[in-house]
Amino acid sequence: MKAHFLGIADLTDVPDVAVVVDVMRAFTVAAWAFAKGAGRVVLAESLEDALALKALRPDWVTLKDGSPAPGFDLVNSPALLQNTDLSGRTVVQRTTAGTVGALAVKDAPLVLCASFVVAEATAGLLRERASREVTFVVTGGSGRAEEDLACAEYIAGRAGGDAVDAGPYLRRAAESRSAAELTQGVREGSSPDDVAFCLELDRFPFAMAAAVEDSLMGLRQVTPAASLPA
């Protein structure tokens with residue numbers, strides 16, 4: 001498998017397979033939303049679009065980066081999501097990197113959204129597809145966020161069937177600028193505990209596939225066949 005690692009601004013063509021990586025924190029949060037019972041995660045184009053969807057569907061749950069704001073129910077923090085019951089709910093997520101990256105490749109035949117918590121399941125789906133080329137969209141830091149690049153490289157190695165030691169990749173993420181900012185409380189709408197949640201390798205057995213449904217880009221859980229019980 002040939003892997004390409006690009007920032008959002010570097011995308012020029014529609015890839016056949018795209019893996020959009022946002023470790024800290026969009027796609028760790030999305031995975032936790034599913035774990036808390038959400039049936040679907042909708043990726044909003046803007047904060048205004050998220051609020052418009054909420055106005056049309058008051059039972060949907062809105063989530064954003066940064067500090068709490070009127071009209072939004074949750075912030076983009078896995079730690080602060082722990083006491084939230086999302087059973088059967090649709091979550092509308094808008095962030096400054098992850099959701100933007102996914103929407104940038106929405107026309108790709110296969111879009112997976114990933115972080116360390118769903119790394120092996122994501123790699124498993126790529127192995128099942130036997131894709132010759134995969135574009136990894138490194139969403140943070142204009143394509144240079146160390147935690148996203150480390151996760152992308154780890155998944156690429158596992159997707160290629162290599163026995164990869166996750167330790168060095170997790171250490172790179174733990175020592176990243178994003179991890180330091182979260183630990184120091186620099187980012188609003190976060191918890192210092194977010195870093196630990198974001199570095200919990202393979203916490204969930206599912207991957208997250210994104211596709212356009214009813215004009216909205218949405219995430220749903222997908223479980224690789226290899227991980228299903230016999």
| When the residues of region 90-100 are filtered to those that are among the hydroxyl-bearing types (Ser, Thr, Tyr) and within 11 Å of the chain's Cα centre (by Cα), which remaining residue is surrounded by the most Cβ atoms within 10 Å (Cβ to Cβ)? | Thr99
| query | Which numbered condition trips up Asp162, out of (1) surrounded by fewer than 24 Cβ atoms within 10 Å (Cβ to Cβ); (2) at pLDDT 95 or above; (3) among the acidic types (Asp, Glu)? | reply | (2)
| What pairs come up if the first residue lies in region 70-88 and is free of Cβ contacts under 8 Å to residues at least 40 places away in the same chain and more than 13 Å from Phe197 (Cβ to Cβ), the second is surrounded by 14 or more Cβ atoms within 10 Å (Cβ to Cβ) and among the β-branched types (Val, Ile, Thr), and their beta carbons are under 6 Å apart, counting only those six or more places apart or on different chains? | Phe72/Thr62; Asp73/Val61; Asp73/Thr62
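Where in region 101-206 are the helices (runs of 4 or more DSSP H), entirely inside, with at least 1 residues that are over 13 Å from Val23 (Cβ atoms), without any contact (Cβ under 8 Å) to a residue 40 or more places away in the chain and more than 16 Å from the chain's Cα centre (by Cα)? Write out each step before concluding.
On the way: elements: 119-129, 146-159, 167-174, 177-183, 194-198.
Helices (runs of 4 or more DSSP H) meeting the threshold: 146-159, 167-174, 177-183.
The values are calculated or read from the model by the stated rules, or taken from the named source; none is laboratory data. Being a predicted model, the structure only gives us computed values, none of them experimental. No Cβ is skipped: glycine too gets one built from the backbone with ideal geometry, and neighbour counts run over all protein chains shown.
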